[in-house]
Structure formats: C-alpha cells, structure tokens
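First comes the structure, then the notes that go with it.
Any read-out appearing in this document is the output of simple, stated calculations on the displayed coordinates, not a laboratory observation. These numbers come from a predicted model, not from an experiment. A quick note on method: Cβ atoms are made from the backbone with ideal geometry, for glycine too, and the neighbour counts reach across all protein chains shown.
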Amino acid sequence: MEKISLLQQERAKYRPKLPAIFTGEGSVLAVERGKTESVDDQETVRTLFSKTYGLPLISFEPSEKISLEPVNVGVILSGGQAPGGHNVISGLFDGLKALNPENRLYGFLGGPGGLVENKYRELTADMINTYRNTGGFDIIGSGRTKLEKEEQFDKGLENLKALGIKALVIIGGDDSNTNAGILAEYYQKIDAGVQVIGCPKTIDGDLKNEMIEVSFGFDTATKVYSELIGNIARDALSAKKYWHFIKLMGRSASHIALECGLKTQPNITLISEEVEAKGMTLGDIVDEIAGTIAKRAEKGKHFGIVLIPEGLIEFIPEMKALIGELNDVIAHRSSELDSKDNPDEKRSLVSSMLSEKAGALYVSLPEDIADQLIMDRDPHGNVQVSRIETEKLLIEMVGEKLKALKEKGMYTGKFSAQNHFFGYEGRCAAPSNFDADYAYALGYTASALIGTGKTGYMSSVRNLTAPASKWIAGGVPLTMMMNIERRHGEDKPVIRKALVDLKGKPFEMLKKHRDQWAVETCYVYPGPIQYFGPEDVTDQRSETLTLEHE
Ligand code: FBP
C-alpha cells in the first residue's frame, strides 16, 4: 500500500462543511433571480452568445425528494494547480451520487486536451476517497490546452457521446471559464444535449466579481506563502544582515502580494496595479526601495523584507510597451529568431526588430532578463512571468542605486540581499479548512446545477465570511462576467479579470500602514496552516475576503 503521512491519514477523516441547502433530506429546486447582462459590451456579447446570453442568476430552494434519471458527467481540471481541486471533484461526486447513486463521473486526463484526445478514467468511490482533502490535481492531472476551436468542440462531443456524458464540469481560471462559456454556447446551438458548468479556480485570486467572492486555492496558497515570509522575516530580524526580496506568484493581479503583505507586515509590498496607475518606471521603483533601505540604515537596520508581485514587470508602463512589441515579434518573426542559437546575436536581432524606445530599454536590461523576456509564451499568449527573475533584477538595480547614493554621501549602510520566489510551494498544499469546505461546496453546487438542467453557468457559493451553513449556493451565467478585450490582435469575449482595486479596503489598509511598516519593524508571524484546534484559527478567512466584506 502507498505510504501516506500521519497528517494525511487524519485529514482524510475531515468532512467538509456544506451550505445548509445541501444538508437536508430532500432535493433542491433552482430558483431564477432575474435576467442578467454582461459586465460590458452588452450588444456584442449578446450577439456572440445568442443561446446563453442574459440567463438568470440561480439560487436553490429545498424541495421534496425528486428522482432523476441516471446521468454520466465529465470533469476537467484546467490550468495551474490550486489547493482544493480534489475537493471540488469529491463534492461533485458526492452531489451526483446523492442525486442518483447510479450517476457516474469520468475525469478527462491532463487538462482540456484529455477531452479532445479521449483520455479519461472513471472516478470511483474508492479512488475519490484516497484524494479527499488532499492538495494537488494529480487525481486526473491538469493542462493548459486552450479549448477554442470548433474541431476541438466536435471531437470532444464525439468522445462525450461515446461515454454517454450529458454534462461537463470545467474547473479553471478566467481563460478556462471563458472557454467553458463558448463551449456551452456551441453545444446549445448545435443541440448537442451536453450541459457545461464552470468552477472558479486559481491561487491568483483574480477570478472574482460581484457574484464570485473568491476563487478556491487563494486562501491556502497565501497562508503557505505568509508562513514562509513570516519565517524569513524572523530570520532577518535575528541575523540583521540581509534584505530579502521575495517574488510571489500571481501572473497578473497582485492579490497574493497584497494578502501576504497584510498578513505579515513586511517593509515593502509592491502592488503592480498601483505602479501602473502612477505610471512608475523601473527606475522609480528602484528609487523607492533604495530610499526605504537608506532610511532603515540611518536607524542601524540593515535588513528588511520586500514583496514583489510576479506580474510587476507587465504593469510598468515602459516594460508593458516593450512586452507588447516583443509579443508581436515572437508571434510573427519566430522563424528568424529561431535561426539564431547564439544568445548575443539573438538579443541584438530582437532589439533591431523593436522601435527605438523599446529597443533602447531592451538592451539596457541585464542579459538574463532580456533572454527571459523572449522565452515562449503560454498557450493563452501570456508571458511566462513566473520565469522572469524580477527579484534578481531589482536586487541588482537597487544595489547600483545604493552604490551611487553612497558615493554622494547619502547612504552609509551595507546592502546584502537574498532572493526568493514563492509559487509552487503553495499551489499543491493540503487545502486549509476554508478551501476544503469551499471547494467541496463548489463541486456540490455544480452537481445541483447539473441536476436542475442548467448550462452556461459558473458554480457560485457566496456569503463566505459567515459560517459554512449560511453560505449561499447558486449559479452565475458565464456570459454575465464577460466583456470584449483585444487578444492577439483580435476582439474576443473574455471573462473580466479582477485586478487589485486601488479604492478597495484591502489596499486602503496597506496604504494606511505601509510608511510605518517600512521604517519600523512590525513583522507578524502567521505560522503554518492549522487543520485541528480552535475554530477561529483553523477556519480563519483571508484578510482580503474579511476586509472586502466589512
Ligand atoms: P492559473 O491562472 O491557471 O490558475 O495559474 C496560476 C499560476 O499559478 C500563476 O500564478 C503563474 O504565473 C502560473 O500559474 C504559472 O504556470 P505554469 O506553472 O504553468 O508555468
């Protein structure tokens, strides 16, 4: 038998909490709560989604036990791992079995590609039981294949039909749920008889809106990173000799950095959205960090903590323009680039293909960073920001700046830095109680949407700062979250990404305290996630969720 840790053995016994609507003896009925509109570009989105536009919001009401015909359901995990994925699947499985014990669940392997390539496995009770409350997506694996072409939809349908599958659940971020919406529309249009339901996943926390309070995985991942940041902060305070530059995952939005900043109170928390709003250059950011280091040095403090959001580079206006030009070069002139093996030659070819301004910036960057900026894009066309070492770039540039300040007699300290990148450390952690409960409830809700015949919906569970019994389960039309954005030179309907709201309470809180946290030493040490013990510790909500609900 496979060896599992003692914690995993205990954790397997945990029964996730559910909203009260799902704990009664009977069934549930879907209640329609009025028609919806997309968040923007209503006319265009309406035209593109003639079958699924304007669907009503759904909530559930208890009803007598209803007996339903057995149904086969498929599930896909899409994109980056997030703690709680296995619980969405176990919630979906339990919900389906409660609807009819004959219901069957199939998992497509390795992400959306598994649907097209017909790679699947049936998920049985024995299998599900070994994955309850565990981290990871390994029960069926994940992938980043983009489901967007009709040939893929048709091939997928053929495979679904062969397995008798009548409903498909896609667990993913904004891009994957956009594609879920497009698939739902297509299957409705051709009368395929397959429902499509999405579930909000991503540690980045950027799939949220009025109806989706948070994506699952954010809570656990930020708790893991905050534990590590707290440990490093205590080391910094003990040794008093290093500045730690810590890059935190979150491809685009800075929710993870903001949450960890609020939890641990480091000296500097950069927020990409603020950098963009203020039109800051790389030089401005470096000046700001160097200024804080110099101020602390005056007080004899030659140590500190800087949090850097992973997506920072794309929010610095001059870098954004450069990346935009690089994207075009990579998309349209890749064969010319591929013909150069020598990195020096490649860099000089790239700079010759850029505008004067972007070319000058490109050649001014350290070589490592210049090389990282021209690495392949992901299947959605995104720069792979997790592979760009912004933390090292900043250390290098801040070091130079401090040297210059020293020469002018404006800095007398010594600067010694360590770099860190936290991302993969948190994506597959065992879900916190919150994520275990929330993810399970999302899966269970998806089964209720299937049972009530819905398609084109995202599973939604709200009122999340209240105890789980008071959570409100329902469905939000995928089209309601969409607007039109320019992608790869074309206007496309996409689910709008939630960036950090600079007028929101979480950012306001950081702003209120950051000057004090910069020069004084106010570190907080959150410690590891607790799975057992007093509920206010085990079930604590993220700072972001709590402040947003105040
Ligand atoms: P999703 O948006 O798919 O949830 O992925 C989030 C994320 O963890 C980002 O924070 C990170 O930039 C990216 O995935 C890294 O992905 P990969 O490991 O595939 O390079």
Cα centroid of the range 127-154 to Cα centroid of the range 209-231, whole Å: 21 Å
Over the range 35-125, relative contact order from alpha-carbon pairs under 8 Å, at least 6 apart, %: 24 percent
Added length on full extension, which subtracts the Cα-Cα distance from 0.36 nm per residue, A125 to A360: 78.6 nm
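Could you work out the relative contact order of the range 194-339, using alpha carbon pairs under 8 angstrom and six or more residues apart, expressed as a whole percent?
Working: 192 pairs, mean separation 37.4, N = 146.
Here the relative contact order equals 26 percent.
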Antiparallel %, DSSP beta bridges [both residues in the chain], to 5: 40 percent
Segment D235-L7, extension gain: residue separation times 0.36 nm, minus the distance between their alpha carbons: 79.4 nm
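Please report the net charge: other residues with Cβ closer than 11 Å to the Cβ of P317, K and R +1, D and E -1.
Values: positive: K278, K320; negative: E276, D284, E314, E318.
Result for the local shell: -2.
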Computed P(r) (all Cα pairs; the range 320-384; 10 Å bins; percent): 21, 62, 17
Alpha-carbon centroid distance for the pair the range 68-93 / the range 253-294, whole angstrom: 37 Å
Relative contact order, percent, the range 320-384 [alpha-carbon distance under 8 Å, six or more residues apart]: 31 percent
Debye equation applied to the C-alpha atoms of the range 21-94, log10 I(q)/I(0) at 0.11, 0.13, 0.19, 0.23 Å⁻¹: -0.51, -0.71, -1.10, -1.06
Pairs of Cα atoms farther than 24 Å apart, the range 220-320, %: 23 percent
Taking the C-alpha atoms of the chain, convex hull volume expressed per residue in Å³: 165 Å³
Amide hydrogen neighbours beyond the local backbone of T269, cut-off 5 Å, H modeled: L307
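Rounded to the nearest 0.05, what FRET efficiency do D539 and L337 give with R0 = 56 Å and r taken as the Cβ-Cβ distance? Could you check?
Numbers: r = 51 Å, r/R0 = 0.91.
So, using R0 = 56 Å, E works out to roughly 0.65.
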Amide H contacts under 5 Å for L168, placed H, 5+ residues apart: G74, Q195, V196, I197
Rounded, prolate or oblate (a/c below 1.5 giving rounded, otherwise prolate when a/b exceeds b/c) for the range 346-431 by Cα gyration tensor: oblate
Inter-site label distance for I472 and S63 at 7 Å from Cα along Cβ, in nm: 2.1 nm
Pairwise label distance in nanometres, K155 with K35, each label 7 Å out on the Cα-Cβ vector: 3.8 nm
Peptides ranked, highest mean first, by Cβ atoms within 10 Å: ranges 198-210, 530-542: 198-210, 530-542
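What number do you get for the range 173-256 when its Cα radius of gyration is normalised by 2.2 N^0.38 Å, N = residues? Kindly include the intermediate steps, with their values, before the conclusion.
Numbers: Rg = 19.4 Å, N = 84, 2.2 N^0.38 = 11.8 Å.
In units of the globular-protein estimate, the range 173-256 measures up at 1.64.
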C-alpha center-to-center spacing [the range 310-353, the range 392-428] in angstrom: 26 Å
Computed helical MRE - 222 nm, the chain, DSSP H runs ≥ 4 contributing -39500 (n - 2.57), nearest 500: -13000 deg cm²/dmol
Cα-only radius of gyration and Dmax that characterise the range 229-274, units Å: 11.4, 33
Under 5 Å, built H, 5+ apart or other chain: amide partners of M458: G198, V476, L478
Extension reserve of the K320-K403 stretch, reckoned as 0.36 nm per residue once the Cα distance is removed: 27.1 nm
Integer Hz, Karplus 6.51/-1.76/1.60 couplings in order for the range 528-543, x for Gly and Pro: x, 4, 9, 9, 10, x, x, 4, 5, 8, 5, 10, 5, 8, 5, 4
Simple label model, 7 Å out from Cα along Cβ direction - S351 to K492, nm: 3.2 nm
